[in-house]
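The values are calculated or read from the model by the stated rules, or taken from the named source; none is laboratory data. Since the structure is predicted, the reported quantities are computational estimates derived from the model, not experimental observations. Every residue, glycine among them, receives a Cβ derived from its backbone with ideal geometry; neighbour counts consider all protein chains shown.
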Amino acid sequence: MATVSVTNISKTYPNGAQAVHPASFSIADGELIVLVGPSGCGKSTLLRMVAGLEDITEGELRIGDRVVNEVEPAERDIAMVFQNYALYPHMTVAKNMAYGLKNRGTSKGDIDAKVREAAEMLDLNAYLDRRPSQLSGGQRQRVAMGRAIVRDPALFLFDEPLSNLDAKLRNQMRIEIRALQRRLGTTAMYVTHDQVEAMTMADRIFVLNAGRIEQIGTPSEIYRKPASTFVASFMGAPPMNLLTATTDGSGNAQVGDLSIPVAAGSHAGAVHLGIRPEEVTVTAGGGVPFQLGLIEELGASRLLHGKIAGQDFTVNAPNDDAGLADTLSLDLPTSSLHLFDGATGQRL
Amino acid sequence: MKRAGFRTISLPMLLLLPQLVIIGIFFYWPAGWAIQSSFYLQDPFGFGSTYVGAENYTRLAGSSEYRKVAWFTLIYTALVTFLSLGIALLLAVKADKVIRGAKTYRTLLMWVYAVAPPVAGFLGLMFFDQNVGPITEFLAGLGWDFKLGVNSFDTATAMVMVAVWKQIPVNFIFFLSGLQSIPRSVREAAMIDNKSGTQRFWDITFPLLAPTAFFLLIINITYALFDTFGVVDTLIKGEPGNNPITLVYMVFRDGFRGGDLGGSSAQSVVLMVLVLILTIFQFRLLERRIHYT
């Protein structure tokens with residue numbers, strides 16, 4: 001159990017490529033933070049730097065009170081769960097879990113007790129004498145978790161631990177990991193490219209893009225107040241609609257020939273006008289005209305894909321089995337509209 | 001799964017024929033001949049032979065020279081196998097860590113593989129030459145008066161060194177590819193679990209290399225027993241005299257130099273049985289070869 005504080009940490013490869021731009025943040029004791037972003041955004045590199053599997057080019061990393069930049073991975077008091085589990089194939093489940101403890105000079109009695117406790121927690125009792133090859137994907141995932149838990153580390157590191165599992169198992173494990181982490185109260189960093197995992201598991205989300213942290217915030221902050229068009233379009237399924245528009249600074253945004261009312265007096269110039277598909281409603285008339293294209297049925301609701309003034313737009317409408325005309329009228333509530341700078345994509 | 005089969009026996013036989021003919025001519029026929037002639041005493045000039053029963057074998061069993069050669073072969077095989085595997089493993093582990101210029105480094109290490117055994121022996125001759133050999137000079141500097149072909153211990157040392165040198169690249173290639181097939185994340189997980197690199201090697205890396213090592217062990221034993229003939233022959237310059245020789249070389253010497261075809265046949269039959277045992281052992285191992293997936 002520990003806090004993590006990172007000061008201006010960065011990673012530059014010998015060939016000059018900068019994988020992680022200087023970043024500073026701190027993680028509170030017992031907090032679970034999720035690093036999310038598209039592949040190649042540097043989230044795994046950042047995690048591996050914390051683990052000690054990648055060198056830190058510059059900056060300072062503290063776990064607890066200790067600067068650990070130059071400390072061996074085995075001595076950072078961390079435990080990591082890998083995407084492909086990385087179990088030792090020649091060892092039984094029990095030995096896989098015990099290996100880290102054995103090397104830290106834990107007594108045999110203590111090791112047995114801890115392994116049994118972890119196995120109990122993860123429902124692995126019946127498999128302690130099996131080899132990883134005799135286990136299913138979900139069970140291997142649990143063993144990898146067990147190997148991290150028995151160590152009782154200051155910090156858990158998860159590197160896309162669920163991406164090799166099927167969808168159903170993934171949802172189940174997501175909840176289990178979260179519950180377990182809460183129960184143990186261990187600080188955790190969790191890397192994923194899946195924004196649903198990020199939203200559901202995180203105390204705070206770090207959204208990364210091209211080696212930079214775009215935004216840090218609670219899931220609700222990220223969802224309600226995305227800091228940039230990148231965050232807005234990355235988080236949320238379906239993503240936020242973004243319309244290219246021009247504002248006149250007096251509460252009016254021009255999208256093509258259409259005029260949409262926005263919060264007055266803010267900004268004049270090129271903007272991206274953002275609105276979540278679920279905050280748009282279909283009205284009887286008098287709203288923004290919307291040319292309907294494809295309809296995706298989701299069961300409880302349906303996604304209406306189409307165009308507003310020639311620009312792609314999606315509406316998440318309740319599924320009431322009503323027939324829909326080719327052109328609909330939409331209500332875009334002013335309070336739900338987000339404005340982003342037309343050039344930089346930053347929130348206005 | 002349904003297996004496709006032939007309706008008649010003639011077509012599969014026809015398809016197998018070339019292989020069967022080759023095995024028949026080059027293996028069963030000579031092997032049969034060897035077994036047969038091991039029960040005869042051959043006239044050295046080829047004028048005839050006399051049936052002597054198991055005499056060739058009993059003579060072999062009673063021969064102190066045969067026992068001496070067998071003993072030397074055993075030690076030689078053990079040394080060559082152990083050293084070539086050990087050194088190759090060490091080199092592979094080091095090469096695996098090289099990042100810059102890795103390809104050049106590996107190619108250089110594999111080069112020796114292309115050298116034929118007699119050529120290797122000849123290179124050995126030059127290295128160990130009494131007057132100009134750099135290794136002889138080096139050893140002289142250490143106070144070792146190295147005499148290839150005169151002192152039997154020195155000759156044996158040279159034989160082991162050349163044979164090992166020749167075999168290292170093969171082992172190296174296998175060990176290196178074995179090392180590279182170990183998932184990176186498994187090694188990283190081990191780095192988090194254990195701070196000692198040496199311990200990690202013995203606890204994680206080596207067990208995962210075991211299938212490769214088993215396979216190489218058999219290959220190397222076979223190599224040391226049989227394929228080092230060229231090395232032995234060149235290093236002792238075809239003059240066995242008081243020099244140490246291996247069992248295979250003794251078959252050659254007694255049969256083709258000494259003209260004792262019967263005795264030499266008996267020796268090859270013994271070797272054949274040895275190979276058979278080794279092969280069975282190898283198949284058993286390969287069958288049970290541990291697959292960790």
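Residue-level check: of (1) more than 14 Å from chain A (Cβ to nearest Cβ); (2) touching a Gly at 6+ places or on another chain (Cβ under 7 Å); (3) surrounded by 18 or more Cβ atoms within 10 Å (Cβ to Cβ), B:P118 misses just (3). Are any residues in region A:310-327 more than 21 Å from A:G299 (Cα to Cα) and part of a strand (DSSP E or B), and if so, which ones? Selection gives A:Q311, A:D312, A:T327. The single residue among A:D77, A:D129, A:D55, A:D29 that is acidic (D, E), closer than 28 Å to B:L209 by Cβ and touching a residue at least 40 places away in the same chain (Cβ under 8 Å) turns out to be A:D55. If you check A:P226, A:P219 for being of a type outside the set (K, R), without any contact (Cβ under 8 Å) to a residue 24 or more places away in the chain and closer than 26 Å to A:A28 by Cα, only one passes: A:P219. Counting only helices (runs of 4 or more DSSP H) that fall entirely inside region B:147-242 and contain at least 1 residues that are among the polar types (S, T, N, Q), crowded, with 20+ Cβ neighbours inside 10 Å and away from chain A (no Cβ under 14 Å), the qualifying elements are B:152-180, B:206-222, B:229-235. Taking the criterion of being more than 14 Å from every other protein chain (Cβ to nearest Cβ) and either in contact with a strand residue (DSSP E or B) (Cβ under 7 Å, 6 or more places away or on another chain) or among the acidic types (D, E) (or both), would at least one residue in region A:130-149 satisfy it? The answer is no, given that none of the residues of region A:130-149 is more than 14 Å from every other protein chain (Cβ to nearest Cβ) and either in contact with a strand residue (DSSP E or B) (Cβ under 7 Å, 6 or more places away or on another chain) or among the acidic types (D, E) (or both). Against the list (1) within 19 Å of B:L271 (Cβ to Cβ); (2) touching a helix residue (DSSP H, G or I) at 6+ places or on another chain (Cβ under 9 Å), the condition B:A88 fails is (1).
Taking region A:193-238 as the range and being under 17 Å from A:H272 (Cα atoms) and surrounded by fewer than 17 Cβ atoms within 10 Å (Cβ to Cβ) as the test, the residues that pass are A:R224, A:K225. Here's a check for you: in region A:296-333, which residue that is in contact with a Pro (Cβ under 8 Å, 6 or more places away or on another chain) and polar (S, T, N, Q) is farthest from A:T244 (Cα to Cα)? Looking at residues that are in contact with a Pro (Cβ under 8 Å, 6 or more places away or on another chain) and polar (S, T, N, Q), I get A:S301. Just so you know, in region A:105-129 the residues that are modelled with pLDDT under 90 and within 13 Å of chain B (Cβ to nearest Cβ) include one that is surrounded by the most Cβ atoms within 10 Å (Cβ to Cβ), and it is A:T106. Which residues, taken from region A:150-182, are within 16 Å of A:A119 (Cα to Cα), more than 13 Å from every other protein chain (Cβ to nearest Cβ) and β-branched (V, I, T)? If the condition is that a residue be within 16 Å of A:A119 (Cα to Cα), more than 13 Å from every other protein chain (Cβ to nearest Cβ) and β-branched (V, I, T), then A:I177 is the only one that fits. Only one of the numbered conditions (1) at pLDDT below 90; (2) buried (at least 17 other Cβ atoms within 10 Å of the Cβ); (3) touching a helix residue (DSSP H, G or I) at 6+ places or on another chain (Cβ under 6 Å) is violated by A:G274, and that is (1).
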